[in-house]
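Trainee: I have a structure I would like to understand better, so I am pasting it below and will then ask my questions one at a time.
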Amino acid sequence: MTRLSARSVFALLAIVSAGLLGGGLVIGEIARLQPCHLCNFQRLIYMLLAFFSVCGVVWPGARRFWATLLVLTAAGGLAAAIQQSWMQYAPQEAIECGFGDPTLLEQVVNWLGTQWPAMFMVTGFCTDKDWVFLGLSLANWSGICFLALLGVALWQLIRRI
């Protein structure tokens with residue numbers, strides 16, 4: 001069996017992260033979805049995952065450092081996807097984003113929306129479940145993808161090369 005180099009795994013993570021970001025954007029455009037704060041935050045997380053992965057390709061000697069950043073970032077994305085999934089599952093119990101004092105996450109996304117409106121402008125609600133495939137919302141699918149990326153990043157962190 002061929003062993004994958006650290007650089008190859010980082011390249012794969014970068015391609016998958018960028019592909020998931022692009023795929024989500026395409027689905028959003030085709031289905032005319034209105035992104036919420038958590039949707040846009042997950043976009044940012046996919047961008048960070050791709051960026052840290054590219055850094056791992058360029059500087060594979062710092063594999064554990066980049067893998068640690070990937071693990072933490074993917075865990076944050078998983079937490080955001082779980083939060084949004086819960087808000088969609090129990091909208092009556094969820095406090096909708098954008099109401100009341102903005103959280104740090106909302107402030108970051110709002111600032112990004114002013115800098116890059118085409119990517120980060122918030123126009124929807126976190127409790128909306130407008131797109132479903134095989135019984136799962138886009139937030140559910142994102143959570144599954146973050147879990148997979150987290151698993152690969154964790155493997156990259158602990159494996160022996």
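Trainee: For the chain, with only Lys/Arg (+1) and Asp/Glu (-1) charged at the beta-carbon, what is the dipole magnitude about the Cα centre, in debye rounded to 20?
Mentor: 1040 debye
Trainee: Now for a different question. Points 7 angstrom from Cα along the Cβ direction at Ala90 and Ala31: gap in nanometres?
Mentor: For Ala90 paired with Ala31, the spin-label model returns 2.4 nm.
Trainee: With a Förster radius of 35 Å, plug the Cβ-Cβ distance of Trp59 and Met121 into 1/(1 + (r/R0)^6) and report the FRET value to the nearest 0.05.
Mentor: Calculated transfer efficiency: 0.55.
Trainee: Report ³J(HN,Hα) in whole Hz for each residue of the stretch 147-159, in order, from the Karplus equation J = 6.51 cos²θ - 1.76 cosθ + 1.60 where θ = phi - 60°; Gly and Pro get x.
Mentor: Running phi through 6.51 cos²θ - 1.76 cosθ + 1.60 with θ = phi - 60° gives 5, 5, 5, 4, x, 5, 5, 5, 4, 4, 6, 9, 6 Hz.
Trainee: Assuming a viscosity of 1.306 mPa s and a temperature of 10 °C, what translational diffusion coefficient in µm² per second does Stokes-Einstein assign to the stretch 27-116, Rh being the Kirkwood radius over Cα pairs? Could the numbers behind the result be given before it?
Mentor: Values: Rh = 14.8 Å.
Rounded, D is 107 µm²/s.
Trainee: Okay, moving on. Within the stretch 37-62, list the residues whose amide N lies under 15 Å from a label point set 7 Å along Cα→Cβ of Val108.
Mentor: Backbone N within reach: 37-52.
Trainee: Also, quick follow-up: Would you mind getting the Kirkwood hydrodynamic radius of the stretch 39-91 from its Cα pairs, rounded to one decimal in Å?
Mentor: Roughly 11.8 Å, rounded to one decimal.
Trainee: Taking only Cα atoms, what is the 0 to 90° angle, nearest 10, from helix 63-89's long axis to the longest principal axis of the chain?
Mentor: 20 degrees
Trainee: One quarter of the convex hull surface, Cα atoms only: what value does that give for the chain in nm²?
Mentor: About 10.5 nm², averaged over all directions.
Trainee: How long is the stretch 5-55 along each principal axis, judged by its Cα atoms, biggest number first, in Å?
Mentor: Principal-axis extents of the Cα atoms in the stretch 5-55, largest first: 40, 19, 9 Å.
Trainee: When the chain is treated as a GNM, springs tying every alpha-carbon pair under 10 Å, which of Leu138, Leu104, Leu78 comes out with the largest mean-square fluctuation?
Mentor: Leu104
Rule-based calculations on the coordinates, nothing more; no lab input. Treat the numbers as computed from the prediction; the structure is a model and nothing was measured. All Cβ positions, glycine included, derive from the backbone under ideal geometry; neighbour counts span all protein chains shown.
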